[in-house]
């Protein structure tokens with residue numbers, strides 16, 4: 001099956017109207033009036049971002065979801081994406097149908113479509129890149145640079161399952177062994193991270209700065225602080241670990257170090273954001289009303305850096321490898 | 001040098017305002033009112049699209065130019081691009097500075113900037129993907145689907161140098177050996193293809209359908225015809241081969257077959273388009289006035305397919321490998 005047939009068979013059915021049936025030189029997108037566009041790119045390489053031989057649908061779903069997570073964290077709505085991949089010619093027919101299926105499931109769930117792309121044969125590891133385009137009402141993108149001293153810091157969802165999920169898919173032992181529901185939760189957290197679109201109203205109404213949790217909570221808070229030229233004090237004991245992750249950490253020789261590892265690992269794909277302290281009650285109420293898990297984890301201060309404080313107000317030492325301040 | 005330092009040192013200086021210093025989760029682009037967006041993606045893999053060890057600046061320039069060519073052929077203006085690449089960690093510092101330099105030169109020439117992207121280390125062949133975004137006044141994109149029976153078919157520039165340039169860079173002998181100016185022309189055609197932005201006014205005013213010459217003139221005319229549900233009759237003797245390519249073909253055992261090879265090879269990156277026959281004089285005059293090379297090479301007819309006729313009106317047989325009708 002050559003490139004043209006591959007596109008016609010597996011990818012043309014995923015194309016939105018903007019994709020012009022994947023038969024033109026470019027896609028054609030008419031932006032909604034008074035909207036800004038958000039554009040993001042994420043790439044996966046076989047053997048780096050997913051193990052060789054991994055099922056194509058899972059890879060597609062995770063790749064598209066990591067892109068969606070960026071749009072979601074900025075308060076945006078996804079519209080369409082360009083897909084580029086290179087892969088061994090001999091694997092195409094075997095692997096690509098499932099990959100396309102994973103895209104189909106995910107784009108249907110989040111309301112976007114394929115607009116175009118490029119495919120290449122390679123004799124090296126396969127690689128995949130998606131550029132996703134979304135929009136927000138004019139001026140409403142939540143950037144990383146808007147946090148101010150006095151703001152609260154919030155994080156959505158639960159932390160820790162993604163790191164344990166990564167151990168599952170890379171066959172690193174988890175001790176004690178997780179039970180059935182925990183296994184399911186870990187795998188889902190890693191392979192099907194949930195872009196935070198449910199938090200969009202809260203973000204647009206209240207967030208002064210935001211980032212998705214892709215490099216690790218601590219690093220992502222650090223990105224916001226650096227872009228905003230402020231510092232953060234996080235309350236370590238307030239961090240919303242999942243029950244499974246909490247249990248796992250408690251069984252390690254050093255539970256604090258285990259939790260530090262959990263929040264230094266990326267891939268949780270929730271959103272961390274700052275908001276005015278005066279909005280605290282409104283945010284609590286909105287989240288409770290919408291049944292959204294949202295946790296107040298710290299405060300924005302003058303200065304630079306991110307400090308993580310234990311229950312006695314002592315700054316916890318942080319393993320430097322887990323956190324790059326930039 | 002890690003990913004953050006690499007981005008900061010080599011890519012942040014290329015970022016436009018929309019790139020938010022490459023420090024946010026997404027780029028932010030405010031489209032001009034009443035403009036449509038054109039989006040295109042092209043990818044290069046080491047060992048497939050360029051030889052291993054090729055100078056980074058050349059690879060960058062060619063990759064960005066192939067994307068620019070798509071925007072140009074649709075009548076658009078380039079705005080910004082997302083760059084994704086994966087590369088052996090050990091090569092990054094040696095190779096990437098020149099690659100970034102090639103991007104800088106090219107984006108400055110064509111008036112666009114870097115908006116974002118993703119970088120990954122791999123132990124396989126390096127791969128590079130660019131998604132370029134441009135715009136046109138609302139409704140003015142020239143699609144592939146607008147050609148009608150009775151239209152003329154035009155091509156910009158000269159044909160053939162790119163195939164000979166490819167022979168140069170892949171060390172396939174060219175017999176007879178080209179002279180100095182020919183060498184320069186071949187190499188330039190292959191490595192620095194010229195996106196057809198100079199033809200933008202003519203395209204917007206007159207073209208009913210268009211494509212850039214990337215798959216080979218015959219194939220690209222075929223794409224337009226198929227999308228437009230019409231057929232083409234091309235005048236083989238009118239095809240505007242460069243003097244070097246013409247000379248080369250005349251020295252081959254079968255000059256006609258040699259020319260067929262030249263127009264079956266892609267990468268000339270001019271634009272081929274259809275236009276109303278009543279606009280013929282206006283197009284000639286505009287091109288002459290603007291000193292643009294534009295050649296009338298055939299006609300659009302009812303039916304399907306592409307026929308290439310010699311001076312006696314006989315249909316030339318075409319090697320099927322050189323031309324996919326789709």
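Here, each number is a calculation from the coordinates, and none is a lab measurement. Everything numeric here is computed off the predicted structure, so don't read it as measured data. A quick note on method: Cβ atoms are made from the backbone with ideal geometry, for glycine too, and the neighbour counts reach across all protein chains shown.
In degrees from 0 to 90, rounded to the nearest 10, what is the angle of the helix B:56-73 Cα long axis to the longest principal axis of chain B?
50
Could you let me know the centre-to-centre spacing of segment A:55-104 and segment B:77-113, using Cα atoms, in angstrom?
Taking the Cα centre of each part, segment A:55-104 and segment B:77-113 sit 24 Å apart.
With N residues in chain B, what two-decimal value do you get for its Cα radius of gyration over 2.2 N^0.38 Å?
1.04
Tally the DSSP beta bridges in the protein assembly as shown and give the antiparallel ones as a percent, rounded to 5.
70
To confirm my reading of the symmetry, which residue of chain B has the Cβ nearest the axis that brings B onto A, and what whole-Å distance does it have?
Spelled out as residue then distance in Å, it is B:124, 1.
Starting from a label point 7 Å past Cα on the Cβ side, list the distances from residue A:312 to the same position in the other copies, nm, shortest first.
So the label point of residue A:312 gives 10.2 nm to the other copies.
Of all the C-alpha pairs in segment B:59-147, what % are more than 18 Å from each other?
Counting pairs separated by more than 18 Å, the tail of P(r) holds 47 percent.
Report, in deg cm²/dmol and to the nearest 500, the calculated mean residue ellipticity at 222 nm for chain A, where each DSSP H run with n ≥ 4 adds -39500 (n - 2.57) and the sum is divided by the residue count.
Result for chain A, helices only: -10500 deg cm²/dmol.
Normalized C-alpha radius of gyration of segment A:128-170, against 2.2 N^0.38 Å?
1.81
Looking at chain A, send over the antiparallel percent of its DSSP beta bridges, to the nearest 5. Provide the component values of the computation, followed by the final result.
Working: 39 of 55 bridges.
If we restrict to bridges inside chain A, about 70 percent are antiparallel.
Using Cα-Cα distances under 8 Å and only pairs 6 or more residues apart, what relative contact order does chain B have, in percent?
So the answer I get is 22 percent.
Using a 10 Å cut-off around each Cβ, can you sort A:87, A:1 from fewest to most neighbouring Cβ atoms? Mind dumping the intermediate values first?
Working: A:87 23, A:1 13.
Fewest to most other Cβ atoms nearby, the residues stand as A:1, A:87.
How large are Rg and Dmax for segment A:70-221 when calculated on the C-alpha trace, in angstrom?
Using the Cα atoms of segment A:70-221, the pair Rg, Dmax is 18.3, 57 Å.
Quick check: Cα centre of segment B:134-162 to Cα centre of segment B:164-233, how many Å?
If you average the Cα positions of each part, the centres end up 13 Å apart.
Where both residues lie in segment A:72-173, what percent of DSSP beta bridges are antiparallel, nearest 5?
Bridges in segment A:72-173 are about 55 percent antiparallel.
Determine, for B:218, B:64, A:91, the number of other Cβ atoms within 10 Å of each Cβ, and report the residues in order from fewest to most. List each step's numbers first, then the result.
Values: B:218 24, B:64 27, A:91 14.
Going from least to most buried by this count: A:91, B:218, B:64.
In nm, one decimal, shortest first: how far is the label point of residue B:140 (7 Å from Cα along Cα to beta carbon) from the matching points in the other copies?
Sorted ascending, the copy-to-copy spacings read 3.0 nm.
Helix B:217-228 against the longest principal axis of chain B: what's the angle in degrees, Cα atoms only, rounded to the nearest 10?
So the inclination is approximately 90 degrees.
How many angstrom separate the Cα center of segment B:8-29 from the Cα center of segment A:238-256?
Rounded to whole Å, the Cα centres lie 37 Å apart.
Hey, what's the Kirkwood Rh for segment B:152-316 if you take every pair of different alpha carbons, in angstrom?
Computed over segment B:152-316, the radius equals 16.2 Å.
Is there a simple number for the mean count of other chain Cβ atoms within 10 Å of the Cβ of residues in A:77-86, and what is it?
Details: counts 0, 0, 0, 1, 3, 9, 3, 9, 3, 11.
Partner-chain Cβ atoms within 10 Å, mean over residues of A:77-86: 4.
Could you work out, residue by residue across B:41-49, how many beta carbons of other chains sit within 10 Å of that residue's beta carbon, and then give the average as an integer?
Other-chain Cβ atoms within 10 Å of each residue's Cβ, averaged: 6.
Output the 0 to 90 degree angle, nearest 10, between the alpha-carbon long axis of helix A:89-110 and the longest principal axis computed from the alpha carbons of chain A.
50
Taking every residue in A:138-144, how many Cβ atoms of other protein chains lie within 10 Å of its Cβ, on average?
Partner Cβ neighbours, averaged per residue: 3.
Sort A:145, A:86 so that the residue with the fewest other Cβ atoms within 10 Å of its own Cβ comes first and the one with the most comes last. Walk me through the numbers on the way to the answer.
On the way: A:145 17, A:86 29.
Final ranking by Cβ density, sparse to dense: A:145, A:86.
Per the Kirkwood formula on distinct C-alpha pairs, the Rh of segment A:1-130 is how many angstrom?
Here the Kirkwood hydrodynamic radius works out to 15.1 Å.
With N denoting the number of residues in the protein assembly as shown, provide Rg(C-alpha) divided by 2.2 N^0.38 Å, to two decimal places.
Rounded to two decimals, the normalised Rg is 1.04.
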